[in-house]
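Reviewing the structure listed below.
Laboratory data are not the source of any read-out in this text; all were calculated from the coordinates shown. Just so it is clear, the model here is predicted, and its values are computed rather than measured. Counting neighbours? That spans all protein chains shown, and the Cβs are built from the backbone with ideal geometry, glycine included.
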Amino acid sequence: MQQLSAGIHSSIAESFVLVARDLETYNSLRGTVKSLPDQSAEFFDSHAVVAIFLGTRPTAGYDIDVSIEGEGKIRIKAHR
């Protein structure tokens, strides 16, 4: 697992998770998250990109922990 981008400010108001398994979906995400690096179509032959957004929160100090558990499950935990 590799982190491609992170930030504390976003134009995304609602929390959601997006999984990009192809270049078209990833490039749509890049339209919103400008800091994401270019990727080739071949990248998605063996990789996927998971984008996690907390959305608007009442105060600063929120964070996300991401881990991979048994059987390839991704665990996402938001905390303050």
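3J(HN,Hα) along the stretch 61-76: x, 7, 9, 10, 10, 10, 9, 9, 9, x, 6, x, 6, 9, 10, 10 Hz, from the Karplus curve 6.51 cos²θ - 1.76 cosθ + 1.60 with θ = phi - 60°, whole Hz, x for Gly and Pro. Across the stretch 6-17, computed HN-Hα scalar couplings (Karplus, 6.51 cos²θ - 1.76 cosθ + 1.60, θ = phi - 60°) run 7, x, 9, 10, 8, 7, 7, 8, 10, 6, 6, 10 Hz from first to last residue, x flagging Gly and Pro.
Report the FRET efficiency, 1/(1 + (r/R0)^6), for Tyr62 and Asp38, where r is their Cβ-Cβ distance and R0 is 35 Å, rounded to 0.05. Each step should come with its number before you reach the end.
Numbers: r = 29 Å, r/R0 = 0.83.
Once the sixth-power term is evaluated, E becomes 0.75.
Taking the convex hull of the alpha carbon atoms in the chain, what volume per residue do you get, in Å³?
Working: hull volume 7.6 nm³, N = 80.
Here the figure is 95 Å³ per residue.
For Asp45 and Gln2 in one chain, what is 0.36 nm times their gap in residues minus the Cα-Cα distance, to one decimal in nm? All intermediate terms of the calculation are to be shown ahead of the outcome.
Working: separation 43, 0.36 × 43 = 15.48 nm, distance 1.63 nm.
Between Asp45 and Gln2, full extension yields 13.8 nm more.
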